[in-house]
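Student: Sharing a structure here in C-alpha cells format.
The values are calculated or read from the model by the stated rules, or taken from the named source; none is laboratory data. This structure is a prediction, so every number in the text was calculated from the model and none was measured. Every residue, glycine as well, gets a Cβ built from its backbone with ideal geometry; the counts of neighbours run over all protein chains shown.
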Amino acid sequence: MRDSIYILDRLVKRYGHREACNIAHMEIIRGEILGIIGPSGSGKSTLLRLLNLLEPPTSGSVTFDGTVFDGHTSVDIAVRRRMTMVFQNPLLFNTSVLSNVAYGLKVRGEKDNREKAYQFLDRLGMGDLAREHAATLSYGEAQRVALARALVLGPDVLLLDEPTANLDPFNVGVIEKLILQANREMGTTIVLVTHNVFQARRLAGRVALLLDGREVEVGPTEELFSQARDPRTRAFINGEMVY
C-alpha cells in the first residue's frame, strides 16, 4: 500500500461558470516528484493552488496527510508551513539576497535566521550573491534565489509552477539540480508543473497529463512516455497541439 501525502477526490474548481479543474481522483505519493504537463489553460496552475490550499475547492476535497480540506475547512498555519510554492515569475523583496532567503525563517521566529540562510546559499554555490541587492539579479539568478528561499524552510511539499520558463540552459541545469537534491537529500515531495515534456521526463518519477482541467493519464514516467495508453497523451508528448 503506497503512502499518499495528497488524495484528491472529486475535486472541482470553478470561476463563475468556467470550470478550471475537475479531478475525479488523484494521489500524490510522499517523497515523489510528480510532473504535471499539459497545454496552456489546462488547469495546471489551478491544481497547484488547490494543492497549496490557497483556494478552496468549489466541490470535492483535498486530503493532505490525512486531513480533509473542502470548501468549508479552515487551514491551520502549521499545515501551511509544511508546504511552499515557487511561481513562474520570481517574487523577491526589495532588499538583499540574504534577507530574501532568510525572510521565511525570520517570520517563523527562528534564531540565527541570517546565518542559516547564508549557509544554505553557500551550500548551493550562491554565497557570492548573499550581499547583492535582489533588484540587480538576472532573471535566472532571481529564480534560483526564490527556490533557495523556499527550500531553506525545509518544507514537506514543494510546488513548482514552471520554475525554468524562459531561462537559459545554465540556469535550467542549476535549478533542476536543486530540485533533485531537495527530493533525494531532504525527502521533499515535489509537484512540478511544466510545459517542457523533456524536463518532466528528466526529473519526475511519475507524470500526469491534464487537458481542460481533467486528468487524461498518469503513470510512471518512462511507461507513460513509451507506452501511453491515451492517444491524446501520445500526441502531446510528440509535440502535436492538443485541445
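Student: Test of understanding: among E223, E176, which residue is in contact with a helix residue (DSSP H, G or I) (Cβ under 9 Å, 6 or more places away or on another chain), modelled with pLDDT of 90 or more and of a type in the set (D, E)?
Tutor: Result: E176 is the single residue among E223, E176 that is in contact with a helix residue (DSSP H, G or I) (Cβ under 9 Å, 6 or more places away or on another chain), modelled with pLDDT of 90 or more and of a type in the set (D, E).
Student: Just a yes or no: is a residue in segment 172-195 of a type in the set (A, V, I, L, M), more than 17 Å from the chain's Cα centre (by Cα) and surrounded by 19 or more Cβ atoms within 10 Å (Cβ to Cβ)?
Tutor: No: segment 172-195 contains no residue that is of a type in the set (A, V, I, L, M), more than 17 Å from the chain's Cα centre (by Cα) and surrounded by 19 or more Cβ atoms within 10 Å (Cβ to Cβ).
Student: If you check I23, I37, I77, which single one turns out to be surrounded by fewer than 20 Cβ atoms within 10 Å (Cβ to Cβ) and among the hydrophobic types (A, V, I, L, M, F, W, C)?
Tutor: Every option except I77 fails the conditions.
Student: Please pick out the residue among L192, L153, L167, L158 that is in a loop (DSSP other than H, G, I, E, B), touching a residue at least 24 places away in the same chain (Cβ under 8 Å) and under 29 Å from G60 (Cβ atoms).
Tutor: Step by step, each of L192, L153, L167, L158 is checked, and only L153 is in a loop (DSSP other than H, G, I, E, B), touching a residue at least 24 places away in the same chain (Cβ under 8 Å) and under 29 Å from G60 (Cβ atoms).
Student: Okay, next question. For the structure I just gave you, tell me whether G60 is over 21 Å from P169 (Cα atoms) and either aromatic (F, W, Y) or outside any loop (DSSP other than H, G, I, E, B) (or both).
Tutor: The answer is yes for G60.
Student: Another question about this same structure. Scan segment 42-74 for residues that are surrounded by fewer than 16 Cβ atoms within 10 Å (Cβ to Cβ) and of a type in the set (K, R) and report the count.
Tutor: Residues that pass the stated criteria total 0.
Student: Being out of contact with any Phe, Trp or Tyr (no Cβ under 7 Å at 6 or more places or on another chain), touching a residue at least 60 places away in the same chain (Cβ under 8 Å) and either assigned to a loop (DSSP other than H, G, I, E, B) or exposed (fewer than 13 other Cβ atoms within 10 Å of the Cβ) (or both), is that true of even one residue in segment 135-144?
Tutor: Scanning segment 135-144, I find no residue that is out of contact with any Phe, Trp or Tyr (no Cβ under 7 Å at 6 or more places or on another chain), touching a residue at least 60 places away in the same chain (Cβ under 8 Å) and either assigned to a loop (DSSP other than H, G, I, E, B) or exposed (fewer than 13 other Cβ atoms within 10 Å of the Cβ) (or both), so the answer is no.
Student: Looking at (1) under 30 Å from A20 (Cβ atoms); (2) without any contact (Cβ under 8 Å) to a residue 24 or more places away in the chain; (3) among the aromatic types (F, W, Y), which is the only condition Y118 fails?
Tutor: Condition (1) is where Y118 drops out.
Student: Exactly one of (1) assigned to a loop (DSSP other than H, G, I, E, B); (2) over 30 Å from R81 (Cβ atoms) is unmet by G219. Its number?
Tutor: (1)
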